[in-house]
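The values are calculated or read from the model by the stated rules, or taken from the named source; none is laboratory data. These numbers were taken from a predicted model, which means no experiment stands behind them. Ideal geometry is used to build each Cβ from the backbone, glycine not excepted, and the neighbour counts take in all protein chains shown.
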Amino acid sequence: MLNIGKYCNACDSLPCMPLIRSLRNSRSLVIRNWSLRMASSLWGSSSLQLSHDLTFFFYLLLLAGGSSSRWYIGIWYNKIPVQTVVWVANRDTPIYDLASSNLTISADGNLVLLVKHLKIPVWSGGKPITDPASSNLTILNDGNIVLLVNHSESPVWSTNIVNNTIASSPVVVLLDSGNLVVRHESNTSEVLWQSFDDFTDTWLPGNKLSRNKKTGVIKQMISWKDHADPAPGMFSIQLDPSGATQYILLWNSSTVYWASGNWTGNTYTGVPELSPTNSDPNSAYTFQFVDNDQETYFNYTVKNDAQLTRGVVDVSGHFQAWVWADTAQAWQLFFAQPKAKCSVYGMCGAYSKCSENAELSCSCLKGFSESYPNSWKLGDQTAGCRRNIPLQCGNNGSVKVKQDRFYMISNVKLPDMSHTRDATNVHNCELTCLENCSCSAYSYNGTCLVWYNGLINLQDNMGELSNSIFIRLSASELPQSGKKKRWIVGIIIGGLVLSSGVSILYFLCRQRTIGINRDDGKLITFKYNELQFLTRNFSERLGVGSFGSVYKGILSDATTLAVKKLEGLRQGEKQFRAEVSTIGNIQHINLIRLLGFCSEGAKRLLVYEYMPNGSLDHHLFQNNSAFLSWKRRYKIAIGIAKGLSYLHDGCRDCIIHCDIKPQNILLDMSFTPKVADFGMAKLLGRDFSRVLTSMRGTIGYLAPEWISGESITTKADVFSYGMMLFEIISRKRNLTQTETRTEIFFPVLVARKLVQGEVLTLLDPELVDDANLEELERACKVACWCIQDDESSRPTMAEVLQMLEGLVDIEVPPAPRYLHVLAEGAASEALFSDI
């Protein structure tokens, strides 16, 4: 099985014992008692040969990089000529000196890596090993693999097994699945630890990327830093922590840039190509999604054990599936998401542009160079680019130093994290940027946008929504344009001044007409340049809605307006006017009032009444907002119910809002709630009961039937209202994270506290002495009724209103199935039974 002759010759000072053996029946690799000095001549030797019956190999992995070689404990394929690593133990902390360290399994069953004078953990996330001679890699009697410091006995790398009983003769076993397990030698079914629970960047068949409902732990696969460094990179994949059945790709563990869509029973909504594969009996793969009381996970198996396949979170940020082709003796890619290269958030880093059709996806902007050229060559561009010449901002007051200048890049998708500034034209926007030393770029298209420090996610964009951006550079980076440009600028400015004077006179006359006619109940048809004037060239942005930004406008009679500038809307002129006319006819105190619109060429704008107290979201979740008493919150909840009831039952056509959430509830001067943002609303004739529409809206407020792709009714709004009502009660997001990083789903907590009669603990702590307990319990029960799995079990909004107003008794709601799934422990099994 193994050629150990060289070990005996080279390690005369050590006992020569069988190192690894293959079990005939289980096709696994077992590490037993042996001792070996980790000299590079031994570890790097080709004398270790495994039987070709084994698919994987567990041993020391050598990766060269920079001026030194780095060693890792890893697992890779044994049968193929291309070294393909699937798991790395000490990915954060390589070993640099093998000659002074020992790897041994002692007589008491401990696997030990001996390295001296070290006091920092390696595998558990500490700093790199600087002196490997002082630490020990060992299997303890309790079954843990640990890397111990020789003097302090602190573990350097450990499997962190929590086990009160001492393991009897623990062994390390490499299964043919690629799973490295620690288990009892006498009891092979009791696994103390396994590498399948400790993902790196690779997903092997049979493994499961799961969410544990008991512990709250969500497994995560994290990319390598680059192709030669297994340290954790910037990209990862995991199950959605909100409780949805979809997988998400994240940048920096924070920004979601791709989602699979929810599991439908046969495929994921965002990955339809899986559907024919899973339903085809001749397919080489079997996919399975499991959602039970213990955990949620997806896994896949290969029907032919000889077929090698793996899923990887690549250093590029893409999730890729690979299959080994024997004929080509190479890995072949058969699946990758996201499909567009530039859809990966932050893949090019700061001051770099992503180009979808270029051979090299990432390129530094003019005036910038790669921050780490070696990393770029190895596939990691996330560190981005750095300036070639520093800005002269701090010296702009000196006559001897030339002022920083700007370089225009056209036809791009603008970077993230922009800031709106008050500037009426492109020249003022440029000056605004120059006044701040941290400002690195600006863009002006009716609104002045500026960026501070790094520019993330700048992309080439050949579509209709392309923009121009001006990148700030040192003056020495750009050539002088000559005096001719000054003459041209002077002529242009003079013309603008003249035309502006004429426009102002026109607008003053026009505003008088608007002020007289706006109260006759009919919608006002605005011209685009009128709205430009009323909003001071869209200078004050109030917020961002579903399909665009909202700006503040003022009429000549001091009436304040909210002007929504739609972006990306591809409806025709006739369809747009029909939608405006329908929504414009709605009149209700709890619905935002549409005053007018603009439909001019490709431009689409809506003009609404202004809400001075902003959104409900702002008051619930931002610390600097006005305090909402319980009385005011309960009135807000009733007002929203009235508005939705009118939409569903009081209009000529039934209107399903489709995006009820705190951000879309606006508050007027007296905090009267107004349902707003009808960008996703659906009109349903009275002869129809449901409508089929693609899943949109906001995760966390979407009804189960919508997520599963079914047609929806007004009960979809009822579900969203129930989820929002929970947040009004607690002033917390429904999904929160504790200090121990355990996810808590607030509706589950409501269910438990209702059972225990402790509804007061659900309330915003600032309202404990202010709330009406009868109203509080009523609101909690109403919210639980609204989020029932079966839409027929949910009340109508008219019934919700009656319940909140105390006109009808509220029965005990049954337990929604998905709350059973999300709840921890047995408490979820009797969710509402004792209310």
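General remarks:
- Listing of strands (runs of 3 or more DSSP E) fully contained in segment 549-657 that carry 3 or more residues being surrounded by 13 or more Cβ atoms within 10 Å (Cβ to Cβ), modelled with pLDDT under 90 and assigned by TED's automatic domain parsing to the domain that holds Ala681: 654-656
- Within segment 324-371, restricting attention to residues that are aliphatic (A, V, I, L, M) and surrounded by 19 or more Cβ atoms within 10 Å (Cβ to Cβ), the residue that is nearest to Thr255 (Cα to Cα) is Val344.
- Residue pairs meeting the criteria (Cβ under 6 Å; at least 6 apart or on separate chains; first outside the structural domain of Glu540 (by TED's automatic domain parsing) and at pLDDT below 90, in segment 427-448; second assigned to a loop (DSSP other than H, G, I, E, B) and among the hydrophobic types (A, V, I, L, M, F, W, C)): Gly446/Phe538; Thr447/Phe538
- Meets criteria (in contact (Cβ under 8 Å) with a residue 12 or more places away in the chain and surrounded by fewer than 16 Cβ atoms within 10 Å (Cβ to Cβ)) for Ala321: no
- Candidate set: segment 184-207, residues that are assigned to a strand (DSSP E or B) and over 18 Å from Gln288 (Cβ atoms); chosen: the one nearest to the chain's Cα centre (by Cα): Thr202
- Flag for Phe235 being out of contact with any Ser or Thr (no Cβ under 6 Å at 6 or more places or on another chain), surrounded by 17 or more Cβ atoms within 10 Å (Cβ to Cβ) and not acidic (Asp, Glu): no
- Matching residues, segment 765-787, being free of Cβ contacts under 8 Å to residues at least 60 places away in the same chain and either crowded, with 17+ Cβ neighbours inside 10 Å or assigned to a helix (DSSP H, G or I) (or both): Pro765, Leu773, Glu774, Glu777, Arg778, Cys780, Lys781
- Residue within segment 218-232 that is among the acidic types (Asp, Glu) and in a loop (DSSP other than H, G, I, E, B) present: no
- Residue list for segment 344-377, filter: on the phi > 0 side of the Ramachandran plot and in contact with a helix residue (DSSP H, G or I) (Cβ under 7 Å, 6 or more places away or on another chain): Gly367
- In segment 658-680, of all residues being surrounded by fewer than 18 Cβ atoms within 10 Å (Cβ to Cβ) and aliphatic (A, V, I, L, M), the one that is modelled with the highest pLDDT corresponds to Met669.
- Meets criteria (under 21 Å from Asn90 (Cβ atoms) and touching a helix residue (DSSP H, G or I) at 6+ places or on another chain (Cβ under 9 Å)) for Lys219: yes
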